[in-house]
Every structure is written in C-alpha cells, then in structure tokens.
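Here is the structure we will look at, set down as structure tokens.
The values are calculated or read from the model by the stated rules, or taken from the named source; none is laboratory data. Every value quoted in this text rests on a predicted model; they were computed, and no experiment measured them. FYI the Cβ positions are ideal-geometry reconstructions off the backbone, even for glycines, and counts take in every protein chain you see.
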Amino acid sequence: MSGISKACCSIPPVVSKGYQAKGVYKTINGLKTYVTGPESASKAILVVYDIFGFFDQTIQGADILATSTDQKYRVFMPDFFEGSPADISWYPPTTDEHKEKLGNFFSTKAAPPKTLSKIPGVVAEGNKLAPGGNFQSWSILGFCWGGKIAALASGTDNKLFKAAVQCHPAMVDANDAKAVNIPMAMLASGDEPAQDVKDFEANLKVPKHVETFSTQIHGWMAARADLENPEVRKEYERGYKTVLEFFHQHS
C-alpha cells in the first residue's frame, strides 16, 4: 500500500444539498458530458459515474477533482446511459420488481462492452479541448458499476490511461486485477465483500492503494452519499483527498 499523505489537497467546503455545478455540459463523442476544470489544465480525468447517472454528489466530486490541488485537471463525465440511468429507488433492491429491473439494467444498458467501446472516442474528442491538442495524461475514476469499467479499461490492452481508481466498486473480480497495467487505487465501502477486495488487491502487480472505508455504504462518494450526515461528509472528503493524492503521485 502506498503512503497517502493528503498533503496535496485543499478541498472546497462540501455542500450537503442544492449543489451548484461549476462545469458545463458539452457533447463529446455523441454523448452529453459534464466537463469541469480550467481550460489550461494539462491533465485529464475520465469519471465513470454509478448506475444512477448525474447526481449532485457525483458532480460535486468531479468539481473537487478538477481544482483541489496545484495540479489542475480537466474532468470529463460522459452520460453513458444517454439520459436513462437506473432509478435510485431500485437500490438496495427490496422487492422482486427492483431486483428484476436492476438485473435488466445491468445486462442491457450497463453491459461493460457497450461502455468500454465508447471510451477511446471520448478520450480522442476530449483531447481536442486540451491546450496543445492533447492532454499530457488521462486517468480514470469509476464509482460502483463505473469501478468495473475502470478495472476493465486498465487491462492488458490499455494505452489510454496512466492511473486508475475504483470507489465502492461493483462486481469485483480478482481476475480483472491480474491484467491491470497501471497504478490502481481501490476505495471500498463496508458493503463490498471483504474477501473480494482482498483477493483483488493480492492480484494487482502494479503500484496500488487499497483501503476500506468500513463505516460507509456502497455509494458514499457518489449518488448514495448522504452529505447531510457529518460522518458521511467527512469520509466523502477523505475519499476525494485520497483519490487526488493517488492521481497526484501516479498521473
């Protein structure tokens, strides 16, 4: 585990509700994309949201990533579900109907190959917004389902990304870790199976930081974050500081 000092970051005060986004929406590779961060930024981060799409907590997180360190980032969060994300009331699934709807969503809209195939085009078009026509580097950050996308996008064939982070990842598979070819961090919640996280970490052959935020639920850094709860807000801030420090070291 690499030492995380958090010295790099001064995160703006986290807003518990009614967040005002600092970025803009642009169409990138045909997808509505939240873009934030200074136009002069030399490095980029691709954020893959969770299955609930654009939520204030996730957008606030993208803004934090863009401007909280000396190293500024241009952050891109595409709407891979094209306006039809999962309904947050389906999770956690309390009825058979919820289970069925979630299952259908994962097997159709959220099937990883569908998303992975769009990423190179997003990066290529995103580069056109870089000061010199190309960002020095791209990193990838994924929440929940997006964590699975980040893991797969960092595999053997990866030539796009320099560093990757998964936050409260879904569908953790230790076999994915064997193929990861860039530094990777995994911030797990108390809800992910501990053995799955441990096995994934054991198979990573790259610089890594794996940490479990045991008091937090699956989704605490994205759509399911209850930022009116002081403990959640504290761990949300600590999570973003940890992500930034990792990117600071490895991107």
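Key figures for this structure:
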quantity: Spans of helices (runs of 4 or more DSSP H) in segment 108-160 with at least 3 residues out of contact with any strand residue (DSSP E or B) (no Cβ under 7 Å at 6 or more places or on another chain) and not charged (D, E, K, R); calculated: 112-116, 119-126
quantity: Count - residues of segment 206-251 that are under 25 Å from Pro85 (Cβ atoms) and either touching a helix residue (DSSP H, G or I) at 6+ places or on another chain (Cβ under 8 Å) or assigned to a strand (DSSP E or B) (or both); calculated: 13
quantity: Qualifying residues in segment 21-53 (those that are of a type in the set (Phe, Trp, Tyr) and over 16 Å from Leu227 (Cβ atoms)) - the one surrounded by the fewest Cβ atoms within 10 Å (Cβ to Cβ); calculated: Tyr25
quantity: Residue that is surrounded by the most Cβ atoms within 10 Å (Cβ to Cβ), among those in segment 216-251 that are under 19 Å from Ile51 (Cβ atoms) and of a type in the set (D, E, K, R); calculated: Arg224
quantity: Some residue of segment 190-197 being over 18 Å from Trp145 (Cα atoms) and at pLDDT 95 or above; calculated: yes
quantity: Any hit, segment 91-98, residues being modelled with pLDDT under 95 and either surrounded by 14 or more Cβ atoms within 10 Å (Cβ to Cβ) or within 17 Å of the chain's Cα centre (by Cα) (or both); calculated: yes
quantity: Test: residue in segment 157-168 that is buried (at least 23 other Cβ atoms within 10 Å of the Cβ), free of Cβ contacts under 8 Å to residues at least 60 places away in the same chain and out of contact with any His (no Cβ under 6 Å at 6 or more places or on another chain); calculated: yes
quantity: From Thr115, Thr69, Thr108, residue being surrounded by fewer than 16 Cβ atoms within 10 Å (Cβ to Cβ) and among the polar types (S, T, N, Q); calculated: Thr108
quantity: Some residue of segment 31-44 being within 28 Å of Asp191 (Cα to Cα) and touching a residue at least 60 places away in the same chain (Cβ under 8 Å); calculated: no
quantity: Selection from segment 132-156 of residues that are surrounded by 24 or more Cβ atoms within 10 Å (Cβ to Cβ), polar (S, T, N, Q) and farther than 10 Å from Leu46 by Cβ; calculated: Ser154
